[in-house]
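All remarks here apply to the structure that follows.
The values are calculated or read from the model by the stated rules, or taken from the named source; none is laboratory data. Just so we're clear, the structure is a prediction, and the values are computed from it rather than from any experiment. When we count neighbours, we look across all protein chains shown, and the Cβ atoms used for this are built from the backbone with ideal geometry, even at glycine. Side chains included, ligands, DNA and RNA excluded: accessible areas come from the protein's heavy atoms. Shrake-Rupley method; radii C 1.70, N 1.55, O 1.52, S 1.80 Å.
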Amino acid sequence: MREIILAPSLLGADPLNIAAEIDRLGGNYGWLHLDIMDAHFVRNLSFGPELSRVLRRRYPDSFIDVHLMTDRLETVLPLFTDSASLITVHAETETHLLHAVLSSIRNAGIKAGIALCPPTPISRIEGVLELADLVLVMSVTPGFGGQKFIDSSLEKVRELAGLREARKLGYMIEIDGGINGSNIIGAVLAGCDAVVMGSAVFREDDPASWLAGIGAKIKEAMKDFDGKR
Ligand code: DX5
Ligand code: ZN
């Protein structure tokens, strides 16, 4: 059975207490998802490289999943290569340079991801899939937490899973935006390997138990699904 990674998004955490918020997760997660926004590519500002660096120092073994919702990658990328485990850039920015951008991330010894906004078709990244360790499917308009999941995103996940099989590629599929306890199973069964969750996790009184429960529910659903195939 494939392993599903739960990736709490720190955008959903209390910004005055980020370390305490992470500790509240009780270690029941796989990756820490860090949203970087520049008020240009998206209509919001969020965290900067210093947060990624202090996370790396405080949690040296953690997997830091950096989601760059920014333009100006030439400036922004090098700010994260000393702390991130994975850096995902958007297909909609610097489209003509994507081969070079993904290669430069890998050359820095970090996993490289490519993200698609909801209206962007997979055809836009077909030519660079060999260079991607992960494809991130945005299931809300990027920029803010707490939005409603866009259902058609699952079709994109299925298509990416099919393409991966057909072309014998190795990228993981991650979904980000509007995921909660009710729609997470659908996302996993559609083919997601990593699931980002912001508001759904951090609004819980006991997010550690909630995450443990979700993990168990996923395992159960996958067992049933595999059994029926
Ligand atoms: C949105 C961010 C997401 C956000 C998800 O642009 O990329 O990572 O934190 O938040 P929820 O899970 O609340 O939709
Ligand atoms: Zn994100």
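A few remarks follow.
- Per-region count, the stretch 42-71, residues in a loop (DSSP other than H, G, I, E, B) and closer than 17 Å to Ser9 by Cβ: 8
- Evaluating Met37 against the criteria (1) more than 14 Å from ligand 1 (Cβ to nearest atom); (2) touching a strand residue (DSSP E or B) at 6+ places or on another chain (Cβ under 6 Å); (3) of a type outside the set (Asp, Glu) leaves one unmet condition, (1).
- The set of residues in the stretch 15-44 that are open to solvent by less than 60 Å² (accessible area, probe 1.4 Å) and of a type in the set (Asp, Glu) comprises Glu21, Asp35, Asp38.
- Residue in the stretch 140-148 that is at pLDDT 95 or above, within 16 Å of ligand 2 (Cβ to nearest atom) and not in a loop (DSSP other than H, G, I, E, B) present: no
- Qualifying residue in the stretch 113-136 (condition: of a type in the set (Ser, Thr, Tyr) and open to solvent by 70 Å² or more (accessible area, probe 1.4 Å)): yes
- Test: residue in the stretch 6-14 that is under 19 Å from the mean Cα position of the chain (by Cα), in a loop (DSSP other than H, G, I, E, B) and more than 13 Å from ligand 1 (Cβ to nearest atom): no
- Here is the figure for the stretch 181-229: residues that are outside any helix (DSSP H, G or I), surrounded by 15 or more Cβ atoms within 10 Å (Cβ to Cβ) and away from ligand 1 (no atom under 12 Å from the Cβ) total 4.
- In the stretch 165-180, the residues that are touching a residue at least 12 places away in the same chain (Cβ under 8 Å) and either of a type outside the set (Gly, Ala, Ser) or buried (at least 21 other Cβ atoms within 10 Å of the Cβ) (or both): Arg167, Leu169, Tyr171, Met172, Ile173, Glu174, Ile175, Asp176, Gly177, Gly178, Ile179, Asn180
- Output for the stretch 28-70, where each listed residue is touching a residue at least 60 places away in the same chain (Cβ under 8 Å) and away from ligand 2 (no atom under 13 Å from the Cβ): Asn28, Tyr29, Gly30, Arg43
- Taken over the stretch 138-154, the criterion of being closer than 25 Å to Leu102 by Cβ and either within 6 Å of ligand 1 (Cβ to nearest atom) or in contact with a Cys (Cβ under 8 Å, 6 or more places away or on another chain) (or both) is satisfied by Met138, Val140, Thr141, Pro142, Gly143.
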